[in-house]
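The values are calculated or read from the model by the stated rules, or taken from the named source; none is laboratory data. Bear in mind that the values here come from a model prediction, so they are computed numbers and not experimental data. Backbone-built Cβ (ideal geometry, glycine too); neighbour counts: all protein chains shown.
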Amino acid sequence: MDYMSEALFIYDEHSEYLIEPVSDNPFGTQIRAVEKQQFLSNPQDYLLFSSHLLVSGSMEFIDQMLAFAYEQSLQSTDKPCSLAFLPLPEQRILRHAYQLPSSDEENIEIALRDDIKPVNLQQCNGQLFQFKAVIGEIPLLEAWHSDASAGAFFKNIILGLKQFFRLSKNKISIETRNGKAITTVANGIFIVNQNRGSRLTRAIQQKSSMRSDMLSMMIVSPFSVVEYFLFLISLIFHLNRDNSLPRAVANIQSNEIKLECESFSQALPTAKLDDLKTVECPLHFKIIKNALSINASDRFWELNPVINADKETIRTDNLPDEKELNKYIDKKLPFFSVASEERFKDLFLQLREDARINSLYISLILLSTLLASLGLYANSSAVVIGAMLLAPLMSPIISSSMGLLRGEDLLFYQSLKKLGLGIALALLASFILTLFMPQVDLSGEIRARINPNLIDLAIAIFSGIAAAYTKAHKELLNNLAGVAIAVALVPPLASAGIGLGRGESYVFEGAILLFVTNLVGIMVAATMTFQFLGFSNTVKRKKSLTLIVLVLVVLSYPLYRTYSASLQRYYLTRALANEQLTINNKKVLIEKAVIDYQNKQRIINITLVVKQALNEHEMKLLRQVIKQRFTSKGQIRISIKYIL
């Protein structure tokens, strides 16, 4: 490797400690160390010694020297200045940008190599910048794209969180070098140079270079606060790996971009360059090709090939179209996205149809209930699933959720009327069928629906989310049948009707609790999902939703008790299984212990394994030992297996 014969080391008060290691370098390079003010007061005298400048100091000083070297290269084309950077320990962006190591000794070796190559620089209104230009507000994002100390970093995070809920879009007009004109709205704009240490750069331009002919402009324009949050998540966890843009982002790549902008959040429209200086709108960005020759690491040159690109890249599909601009200009960004007019129209037509009572609905309710009742009696899961597919109860629940959200009284009450009729018909049909089948015992399918717990509530909530999401996206409507199977609305109603027909209140109470749990869980979840999808910014029928949520809270208590009891049964049976008892010196093994309920009575079925027969006295002792294990009331049934 060849090295420079001489070089100037220009330092400030932050980098004075590097004078000795630079001057005593082992590469034979003669160094003249000059304090920055001395150099800038009479630079031409020092440049007679060498035009290769090693620069170390604050970022303001480095920016100043960058502009100086560029101007000097324009004036003296026969002997232009070249730069090498010796970053301070806290200057992470500088190190990442030029792929420089953390060791001062290694950086000195790279800086003194006789291997300078040109790079392009970015310019805005005549001002050079290396890393980024920011226009408007992009909360939290700038905290990850700065050299701030830990304290300043967290200060930026807190400031970003305060801005988070004050976001607003502002009108901008963009024109590229090839004459492509774009008028849109945005929260903020980010122009970045190649920086492998930046999450932002990795998210929007996988093939970038500081020797590319193209500027890369990122326009951040989320439709809601939630969407902006998801955009940040995608940056943090690198979710956009297929070269696709995050949903809230557009990207323009051109070697020259002109930008007109109205006020961003009532602030003077300016571009902040490298966090060091600001320039006012209108803004004119362009690439200065081969602006400066520098020294950098081998890794830097490998990652930054020369890219001569004439074709512009315009990726603006994620921006609001011209019809939607007025929804956002000078308005606070909504918490949830606002759905497009086309989606509003299509969904409301479908939901209004779902809220109407017709003969098909009545027929399907009766058929699905009768089929579910027979399947429950026959203990056939396949028949019960078939009944779920036929059941039309999900549609009025989803339409009533939209009525709740948007305060559509007609839609809400029509849906409730249709739902109430469906519930009454289902109970009546299963009740009448049970009168003709009084001799049939309760099957496992029925028993499975009379002890609902918190797991059933969770199923209802996630089913409500899935149903609303499916309904809002017509391309997914084929999946609605799967949601209906997951939540199972008709089988609990059929079980409740069977309980009424048999006169067994515990069956009716348990099954109707499961149905109401499903109903309320779906309705609340679907309402919140529609709001999340942008069909309304706020819930219009707050009193009705509050009442439903209260019902949900009240339901949670018996569901919790059932869930808690099931946990106790699980841990108790697990603890008893394979336990060995000693009764009058005889070994007794508990092979299995199962706790069940019949007619609200607790039944404990225990299977014992013994080698020797137990006499009457020993059986009494065994009963006493087992009863001590179960403090609550219940019937204990023991079966004994003998091993010969």
Is at least one residue of the range 27-47 in contact with a helix residue (DSSP H, G or I) (Cβ under 7 Å, 6 or more places away or on another chain), closer than 30 Å to Cys124 by Cα and outside any helix (DSSP H, G or I)? no
Restrict the check to the range 292-301 and report whether at least one residue is part of a strand (DSSP E or B), modelled with pLDDT of 80 or more and β-branched (Val, Ile, Thr). yes
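Among the residues of the range 561-582, is any modelled with pLDDT of 80 or more, out of contact with any helix residue (DSSP H, G or I) (no Cβ under 9 Å at 6 or more places or on another chain) and in a helix (DSSP H, G or I)?
Step one: filter the range 561-582 for residues modelled with pLDDT of 80 or more, giving none.
No, that holds for no residue.
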Within the range 98-107, identify whether any single residue is of a type outside the set (S, T, N, Q) and surrounded by 21 or more Cβ atoms within 10 Å (Cβ to Cβ), and answer yes or no. yes
Residue within the range 19-36 that is in the same structural domain as Leu86 (by TED's automatic domain parsing), touching a residue at least 40 places away in the same chain (Cβ under 8 Å) and touching a Ser or Thr at 6+ places or on another chain (Cβ under 9 Å) present: yes
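When you scan the range 97-114, do you find a residue that is in a strand (DSSP E or B) and either over 44 Å from the mean Cα position of the chain (by Cα) or acidic (Asp, Glu) (or both), even just one?
Residues of the range 97-114 that are in a strand (DSSP E or B), as a first pass: 113.
The next check asks that each one be either over 44 Å from the mean Cα position of the chain (by Cα) or acidic (Asp, Glu) (or both); those that pass are 113.
Yes.
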Can you pull out the residues in the range 364-423 that are over 36 Å from the mean Cα position of the chain (by Cα) and of a type in the set (D, E, K, R)? Lys417, Lys418
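Results for (1) part of a helix (DSSP H, G or I); (2) touching a residue at least 12 places away in the same chain (Cβ under 8 Å); (3) among the β-branched types (Val, Ile, Thr); (4) under 22 Å from Ser544 (Cβ atoms), shown as yes or no for each residue.
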residue	(1), (2), (3), (4)
Leu351	yes, yes, no, yes
Tyr361	yes, yes, no, no
Ile385	yes, yes, yes, no
Leu389	yes, yes, no, no
If we scan the range 534-549, do we find a residue that is in a loop (DSSP other than H, G, I, E, B), more than 27 Å from the chain's Cα centre (by Cα) and at pLDDT 80 or above? no
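Over 12 Å from Val490 (Cβ atoms) and not in a helix (DSSP H, G or I): does that describe Ile432?
no
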So, Ile182, is that one modelled with pLDDT of 75 or more, crowded, with 21+ Cβ neighbours inside 10 Å and closer than 28 Å to Pro334 by Cα or not? no
Kindly establish whether Tyr70 is touching a residue at least 40 places away in the same chain (Cβ under 8 Å), touching a helix residue (DSSP H, G or I) at 6+ places or on another chain (Cβ under 6 Å) and of a type in the set (Phe, Trp, Tyr). no
Looking at Gly497, is it buried (at least 20 other Cβ atoms within 10 Å of the Cβ), modelled with pLDDT under 90 and farther than 15 Å from Met394 by Cα? no
For Ile365, state whether it is assigned to a helix (DSSP H, G or I), hydrophobic (A, V, I, L, M, F, W, C) and assigned by TED's automatic domain parsing to the domain that holds Tyr413. yes
With the requirement that a residue be closer than 19 Å to Asp115 by Cβ, among the hydrophobic types (A, V, I, L, M, F, W, C) and at pLDDT 90 or above, what does the range 53-102 give you? Leu53, Leu54, Val55, Ala69, Cys81, Leu83, Ala84, Phe85, Leu86, Leu100
Can you go through Ile450, Ile423, Ile432, Ile446 and tell me which one is more than 30 Å from Ala472 (Cα to Cα), among the β-branched types (Val, Ile, Thr) and at pLDDT 90 or above? Ile432
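Let's see how each residue does on (1) in contact (Cβ under 8 Å) with a residue 12 or more places away in the chain; (2) in the same structural domain as Gly534 (by TED's automatic domain parsing); (3) over 30 Å from Thr538 (Cα atoms); (4) of a type outside the set (Val, Ile, Thr):
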residue	(1), (2), (3), (4)
Pro392	yes, yes, no, yes
Leu416	yes, yes, no, yes
Gly420	no, yes, no, yes
Gly444	yes, yes, yes, yes
Ile450	yes, yes, yes, no
Leu454	yes, yes, no, yes
Ile459	yes, yes, no, no
